[in-house]
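Peer 1: First, the structure itself, so that you have it in front of you.
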Amino acid sequence: MDSASFFPNIIAAISVFLLLLISHTPCEAQLSTTFYSNTCPNALTAIRTSIRQAVSRERRMAGSLIRLHFHDCFVQGCDASILLDETPSIQSEKTAFPNTNSARGYEVIEAAKREVEKICPGVVSCADIITLAARDASAAVGGPSWNVKLGRRDSTTASRSLANTDLPGPASDLRTLISSFANKGLAARDMVALSGAHTLGQSQCFLFRDRIYSNETNIDAGFASTRRRQCPTNSGDSNLAPLDLVTPNSFDNNYYKNLMQRKGLLQSDQILFSGDSTDSIVSEYSRNQKTFLSDFGNAMIKMGDIEPLTGQNGIIRRICSAIN
């Protein structure tokens, strides 16, 4: 064989070998901030506009959308399973104890999905829309923004049982909270930062009644007295009170200042500042809002990484509440 034919044959053989090697190498699809840059370049703008309109109509919705993202990611990962309605084959997470008559914003996600479907049908997942909505809701009320990694796909299943076990409750002690977040790959500092989302939103009377009538030393007496007016011992279960009594519609660090004054509304709030390991983080965030906002954004990015469906896993739902 002369040299003229030898080298092309060698190059061809190497190329075939590399193709075979690549085809047999496991490929883990990764989330990316530029995932829709080519397939739906206007998606993020359309979603942001839709979310801002919803928050403009009802400022309380900002906190609800951030909470919806949290309640989605802690159950089966960030896969939009929380949006699925009940069917003969699906036990909806909407009816789990932490969500029933409590989780809000489903219709806001559906509205954003409709806008995106108009410009690029079947491309953008409901799971990504929930994740973007949390970021856009935060920014709409003066909170931090962050770069959202995208490329999640939607589940075809939901789990009411996991929603009942994996979401920490309003009476959780510190060990339970730290453990619940650690199980999802989030550190204690992430947990305290994410709890700062309670600078927004409202809670129902039945969730904080035990705390305000407990006469324990970890609650300010005047604060408890004020909250009792709208939360009687035997009625008014759905009456609302702000989670942050100072600036309930603005994203700031007053939540942590409240905790240091023993004015956390939920037991799971006040336990973060109760003479234990997270006291120093609460104190730091109460003094330095910039640090809190930065840590919150970083923790939200980490939460968005919990067990996403990517690549060929899952589907892209046309309507977020149902399987295609």
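The values are calculated or read from the model by the stated rules, or taken from the named source; none is laboratory data. Everything numeric here is computed off the predicted structure, so don't read it as measured data. Neighbour counts run over all protein chains shown; Cβ positions are idealised from the backbone, glycine included. When the accessible area is computed, the model is the full protein with side chains, heavy atoms only, and any ligands, DNA or RNA have been set aside. Shrake-Rupley method; radii C 1.70, N 1.55, O 1.52, S 1.80 Å.
Peer 1: Can you compute the FRET efficiency between VAL246 and ALA187 using 1/(1 + (r/R0)^6), with r the Cβ-Cβ distance and R0 = 25 Å? Round to the nearest 0.05.
Peer 2: That pair, VAL246 with ALA187, gives E of 0.35.
Peer 1: Which of LYS94/LYS290; LYS94/LYS118; LYS94/LYS302; LYS118/LYS184 have a Cα-Cα distance over 31 Å?
Peer 2: Distance filter (> 31 Å) returns LYS94/LYS290; LYS118/LYS184.
Peer 1: Counting heavy atoms of the protein chains only and a 1.4 Å probe, report the per residue accessible area for the stretch 109-170 as a whole number of Å².
Peer 2: Ligands and nucleic acids excluded, the figure is 32 Å² per residue.
Peer 1: Continuing with the same structure: Using the Cα centre of the stretch 28-184 as the reference point, and only Cβ charges (+1 on K/R, -1 on D/E), how large is the resulting charge dipole? Debye, rounded to the nearest 20.
Peer 2: 460
Peer 1: Sticking with this one: Taking the Cα centre of each part, how many Å lie between the stretch 110-143 and the stretch 178-199?
Peer 2: Rounded to whole Å, the Cα centres lie 24 Å apart.
Peer 1: Rounded to the nearest 0.05, what FRET efficiency do LEU162 and ARG114 give with R0 = 35 Å and r taken as the Cβ-Cβ distance? Could you check?
Peer 2: Between LEU162 and ARG114 the formula returns 0.80.
Peer 1: Please pull out the direction-averaged projected area of the stretch 45-91, using the convex hull of its alpha-carbon atoms, in nm² to one decimal place.
Peer 2: 4.2
Peer 1: Residues of the stretch 254-277 with backbone nitrogen within less than 19 Å of a virtual label 7 Å along the Cα-to-Cβ line of ARG228, please, listed as ranges.
Peer 2: 262-267
Peer 1: Compute the Rg/Rh shape ratio of the stretch 247-319: radius of gyration over Kirkwood radius, all on alpha-carbon atoms.
Peer 2: Dividing the radius of gyration by the Kirkwood radius yields 1.16.
Peer 1: On to the next question. For LYS302, what accessible surface area do you get with a 1.4 Å probe? Give it in Å², rounded to 10.
Peer 2: Surface open to solvent at LYS302 totals about 90 Å².
Peer 1: Where does the Debye-calculated log10 I(q)/I(0) of the stretch 203-324 sit at q = 0.19, 0.23 Å⁻¹, using only Cα point scatterers of equal weight, no solvent?
Peer 2: Summing over Cα pairs of the stretch 203-324 leads to -1.01, -1.27.
Peer 1: Can you find, among ASN147, THR165, LEU245, the residue sitting farthest towards the positive end of the charge dipole of the stretch 146-257, where Lys and Arg contribute +1 and Asp and Glu -1 at Cβ?
Peer 2: Farthest along the dipole direction, towards plus: ASN147.
Peer 1: Counting Lys and Arg as +1 and Asp and Glu as -1, what is the net charge of the other residues whose Cβ lies under 14 Å from the Cβ of GLN91?
Peer 2: Around GLN91, the surrounding residues sum to -1.
Peer 1: Once ligands and nucleic acids are excluded and a 1.4 Å probe is used, how much of PHE35 is accessible, expressed in Å² to the nearest 10?
Peer 2: PHE35 has an accessible surface of roughly 100 Å² with all protein chains in place.
Peer 1: Roughly how much of THR217 is accessible, in Å² to the nearest 10, using a 1.4 Å probe?
Peer 2: 120
Peer 1: How big is Rg to Rh over the stretch 109-210, alpha-carbon atoms, Rh as the Kirkwood inverse-mean-distance radius?
Peer 2: 1.00
Peer 1: Nothing charged except the Cβ atoms of Lys and Arg (+1) and of Asp and Glu (-1): what's the magnitude of the dipole of the stretch 259-324 about its Cα centre? Round to the nearest 20 debye.
Peer 2: Once rounded to the nearest 20, the dipole reads 320 debye.
Peer 1: Could I ask something else about it? Heavy atoms only, 1.4 Å probe, whole protein assembly: order GLU284, GLU107, GLU93 by accessible area, highest first.
Peer 2: My answer, sorted largest first, is GLU107, GLU284, GLU93.
Peer 1: Roughly speaking, what is the centre-to-centre gap between the stretch 43-67 and the stretch 210-267 when only Cα atoms are used, to the nearest Å?
Peer 2: The two parts, judged by their Cα centres, are 26 Å apart.
Peer 1: Then there's this: Given +1 on the Cβ of Lys and Arg, -1 on the Cβ of Asp and Glu, and no further charges, what dipole in debye does the chain carry about its Cα centre, rounded to the nearest 20?
Peer 2: Here the chain has a charge dipole of around 880 debye.
Peer 1: How much length, in nm to one decimal, is gained on full extension between ILE301 and SER277, taken as 0.36 nm per residue of separation minus their Cα-Cα distance?
Peer 2: 6.3 nm
Peer 1: Could you check how much of the accessible area of the stretch 135-208 is carbon and sulfur, as a whole percent, using a 1.4 Å probe?
Peer 2: Ligands and nucleic acids excluded, carbon and sulfur reach 47 percent.
Peer 1: Taking square-rooted eigenvalues a ≥ b ≥ c of the alpha carbon gyration tensor, is the stretch 172-213 rounded, prolate or oblate, where a/c under 1.5 means rounded and, failing that, a/b exceeding b/c means prolate?
Peer 2: It is oblate, given that a/c is not under 1.5 and a/b is not larger than b/c.
Peer 1: Same structure again: Please list the helices of the chain that count as membrane-span-like by this rule: a mean Kyte-Doolittle hydropathy of at least 1.0 together with Cα atoms stretching 24 Å or more along the helix axis, each helix being a complete DSSP H run.
Peer 2: Passing helices, by number: 3-23.
Peer 1: Something else: Suppose R0 equals 45 Å. What FRET efficiency, 1/(1 + (r/R0)^6) with r the Cβ-Cβ distance, do GLN53 and ALA221 give to the nearest 0.05?
Peer 2: 0.60
Peer 1: Looking at CYS40, SER64, SER235, which one has the Cα that reaches farthest to the positive end of the dipole of the chain (charges on Cβ: Lys, Arg +1; Asp, Glu -1)?
Peer 2: My answer, from the dipole projection, is SER235.
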